[in-house]
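To keep things clear, I will list the structure first and then write my remarks on it.
The values are calculated or read from the model by the stated rules, or taken from the named source; none is laboratory data. Since this is a predicted model, take the numbers as computed values, not measurements. Quick reminder, even Gly has a Cβ in these numbers, built from the backbone with ideal geometry, and neighbours come from all protein chains shown.
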Amino acid sequence: MTCYVRHEGGDMKRWQSRGVWTVWLCVSCCLMASSVWSPVWGAVTFVNVAAEAGVDFRYTHGGTGQKFFIETMGPGCAFLDYDGDGGLDIYAANGHSLKEGAQAQETNRLFRNKGNGTFADVSVSAGVDDRGYGVGVTAADYDNDGDADLYVSNYGPNVLYTNSADGSFQDHTEAAGVGDSRWGTGCTFLDFDNDGLLDLYVTNYLDYTLEDTGKDLTPYVVAAVGDAPRMDLRAYPSPDNFDGAADILYHNVGDGVFVDVTEKAGVLNPDGKGMGVVSGDYDADGFVDVFVANDQRANFLYHNGGDGTFTDEALLAGVGYSGDGRVEASMGADFGDYDNDGFMDLVVPNFQGEPTSLYRNDGDGMFSYESSRSGIGGASLTTVGWSTAFFDYNNDGFLDIFVANGHTLDNIELFDASATYPQRNQLFANRHDGTFDDVTDDMGPGLAISKVSRGAAFGDYDEDGDVDIFVVHSTGAADLLRNDGANRAGHWLHVRVVGVTSNRDGVGAKVEIRTEGMHQFREIKTGSGLYSQNDLRVTFGLGARENIELLQVRWPSGVVDRIHELTVDQTVVVMEGEGRVAESRDAE
């Protein structure tokens, strides 16, 4: 392969601020509805291979019948390459018994990818068998030493594991100063000041203790069974019964130390009830912003001012509420460019009766509410959505949407005949014209079964060129959903970036590819969805295209690397400032 490379330095520019990019954006938009790139329905299925792969994780919520609130909120999970062998490993957060006086026996689990489609449990030998009440997971190389570190949010003290590069981790929480002991939920590494060191944002949910359960609390649902009220039924309480808890932002000052800058940065907001968090440069000004999905509170969209401070622009930008101005019970969140116009759009699942919110980025700091027009709104009204992701499930070049579903109330059928506790997860296929189809019924056995899903992670664990899904549930065994067929339905490209001046994982880097008649955009991010993290590599589906005209990486430092004329169906590693293909590996 011959790669012609041009390397540029300089300040960050808006993605479409130069004429050449504007032209290609227009071409891309004009071709959105082209029949050439119509979806190949039925070409892809998902199969649950968790058992045969040796991933025997089953979340323990530890319930005793007292309906402790934390029981129903479920865990998160992550795809990460902790040992640097190129294969995606799996980490899952776990709960434990809530019986008074019981010793925690259950642990978080780390499964090492053996490279043959199976995994080995290395939780104990790796030293990450945390016995806290696990919730969220994020992983990145916060100390820039070349390997993935791990952060776990808990109901109770959070934990930071530093990778020792020998297959094991060390608990670095106390020395780093990141062991907040509230009800931690979502978490994400990001470099908010572009200094090359990854900072950390952690959402907190409620000011809640187990002792609060059993008080005279309003139940989640007060309804009737038939014609008779059933006030004797115990149900999980509503978040309305509790005060929110402020999130926390840690600034990485180097040498493995973080400083709490929540108040200084302007993100100290006690009115939030944070669930999912995702970072992304939504206004393309070169500084990463933060979106927080709040439960029954207005969402936060923290715009990065570039001076170490943030301003909540959610209401002004149109993402604080639903399309008709109502507060919603938002759960997860993800940024992704579903219309290939160069700006990060936003998806946010919500509670039953509240459609999944799809916000299209207008490119001027504002978002348009597209749930109804897109077709997603009506299809999501009867579900309770949790984790979510933009990803190209069929390699056609357009981002689709996955939503993990499951009710919060394990006895909801007694209150609401129209609802169920286990629910089917949903996959919405992008039709290239701003609308989506619910294609769940066509996706095979992996999506045919109703479960009580919570967190979900996305990545190509078997290295065959399509994106697989790992899903954890509030009850029941986890699913490893192998994608069968996308690598035959369309060509693909995996891109991994290695920072030099920027943080080593390239978090915040913007990756663009240009192919015949199409321009696609991705941004490197860590924690997203709900309590979870996807593969740090970005995947581009290419459809029938067999040549990549340009791959461009715009780094947080302002450096731009460009690689011309790449072949398809391979993994490319780009190192900052060198603009070279560091590695090329075709899928077998």
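Just one of (1) within 23 Å of ASP149 (Cβ to Cβ); (2) of a type in the set (Val, Ile, Thr); (3) more than 27 Å from the chain's Cα centre (by Cα) fails for THR571. It is (3).
For ASP505, the criteria (1) among the acidic types (Asp, Glu); (2) within 18 Å of the chain's Cα centre (by Cα); (3) in a strand (DSSP E or B) hold in every case but one, which is (3).
If you go through the stretch 477-488 and keep only what is farther than 12 Å from VAL49 by Cα and assigned to a loop (DSSP other than H, G, I, E, B), you end up with just GLY485.
Considering only residues of the stretch 405-461 that are hydrophobic (A, V, I, L, M, F, W, C) and part of a loop (DSSP other than H, G, I, E, B), which is farthest from the chain's Cα centre (by Cα)?
So the first thing to find is which residues in the stretch 405-461 are hydrophobic (A, V, I, L, M, F, W, C), and the list is 409, 412, 414-415, 417, 419, 427-429, 436, 439, 443, 447-449, 452, 456-458.
Next, only the ones that are part of a loop (DSSP other than H, G, I, E, B) stay: 409, 417, 419, 439, 443, 448-449.
Values: LEU409: 24, ALA417: 32, ALA419: 26, VAL439: 21, MET443: 21, ALA448: 23, ILE449: 22 Å.
My answer is ALA417.
Just for the stretch 462-476: of the residues that are in a loop (DSSP other than H, G, I, E, B) and among the small types (Gly, Ala, Ser), which one is surrounded by the fewest Cβ atoms within 10 Å (Cβ to Cβ)? The residue in question is GLY476.
I'd like the full set of residues that are closer than 20 Å to GLN533 by Cα and part of a loop (DSSP other than H, G, I, E, B), limited to the stretch 181-197. First the steps, then the outcome.
At the first step, the residues of the stretch 181-197 found to be closer than 20 Å to GLN533 by Cα are 183-192, 197.
Selection gives ASP191, PHE192, LEU197.
Residue by residue, here is whether (1) modelled with pLDDT under 90; (2) part of a strand (DSSP E or B) holds:
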| residue | (1), (2) |
| --- | --- |
| VAL5 | yes, yes |
| GLY10 | yes, no |
| ARG14 | yes, no |
| THR22 | yes, no |
| GLY42 | yes, no |
| VAL47 | no, yes |
| GLY74 | no, no |
| GLY101 | yes, no |
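Would you be able to tell me the number of residues in the stretch 135-161 that are among the polar types (S, T, N, Q) and surrounded by fewer than 20 Cβ atoms within 10 Å (Cβ to Cβ)? Final tally of qualifying residues: 1.
Identify all residues within the stretch 238-270 that are in a strand (DSSP E or B) and closer than 17 Å to LEU206 by Cβ; write none if there are none. GLY244, ALA245, ILE248, listed by residue number.
For the stretch 371-389, the set of residues classified as surrounded by fewer than 23 Cβ atoms within 10 Å (Cβ to Cβ) and either within 15 Å of the chain's Cα centre (by Cα) or not in a loop (DSSP other than H, G, I, E, B) (or both) consists of SER372, ARG373, GLY377, GLY378, ALA379, listed by residue number. When you look at GLY320, is it touching a helix residue (DSSP H, G or I) at 6+ places or on another chain (Cβ under 8 Å), outside any strand (DSSP E or B) and small (Gly, Ala, Ser), yes or no? Against the criterion (touching a helix residue (DSSP H, G or I) at 6+ places or on another chain (Cβ under 8 Å), outside any strand (DSSP E or B) and small (Gly, Ala, Ser)), GLY320 qualifies.
Yes/no per residue for (1) β-branched (Val, Ile, Thr); (2) more than 23 Å from PRO75 (Cα to Cα):
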residue: SER453; (1), (2): no, no
residue: ALA456; (1), (2): no, no
residue: SER474; (1), (2): no, no
residue: LEU480; (1), (2): no, no
residue: TRP492; (1), (2): no, yes
residue: VAL507; (1), (2): yes, yes
residue: MET518; (1), (2): no, yes
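Number of residues in the stretch 537-579 that are free of Cβ contacts under 8 Å to residues at least 40 places away in the same chain and in a strand (DSSP E or B) equals 2. Do you know which residues across the stretch 260-286 are at pLDDT 95 or above and among the charged types (D, E, K, R)? ASP260, GLU263, LYS264, LYS273, ASP281, ASP283, ASP285, listed by residue number. Evaluation of TYR393 against the conditions (1) more than 24 Å from VAL538 (Cα to Cα); (2) touching a helix residue (DSSP H, G or I) at 6+ places or on another chain (Cβ under 9 Å); (3) assigned to a loop (DSSP other than H, G, I, E, B) shows that the sole unmet condition is (1). Kindly indicate whether any position in the stretch 480-488 is among the aliphatic types (A, V, I, L, M), over 23 Å from ASN425 (Cβ atoms) and touching a residue at least 12 places away in the same chain (Cβ under 8 Å). Scanning the stretch 480-488, I find no residue that is among the aliphatic types (A, V, I, L, M), over 23 Å from ASN425 (Cβ atoms) and touching a residue at least 12 places away in the same chain (Cβ under 8 Å), so the answer is no. The set of residues in the stretch 314-339 that are polar (S, T, N, Q) and surrounded by fewer than 20 Cβ atoms within 10 Å (Cβ to Cβ) contains only SER322.
Taking the condition closer than 19 Å to SER474 by Cα, of a type outside the set (Asp, Glu) and buried (at least 24 other Cβ atoms within 10 Å of the Cβ), does GLY132 pass? No, not satisfied. All of TYR82, TYR91, TYR59 fail the test of being touching a Cys at 6+ places or on another chain (Cβ under 7 Å) and at pLDDT 95 or above, apart from TYR91. What's the number of the only condition in (1) modelled with pLDDT of 95 or more; (2) out of contact with any Lys or Arg (no Cβ under 7 Å at 6 or more places or on another chain); (3) not acidic (Asp, Glu) that ALA582 fails to meet? Every condition holds for ALA582 apart from (1).
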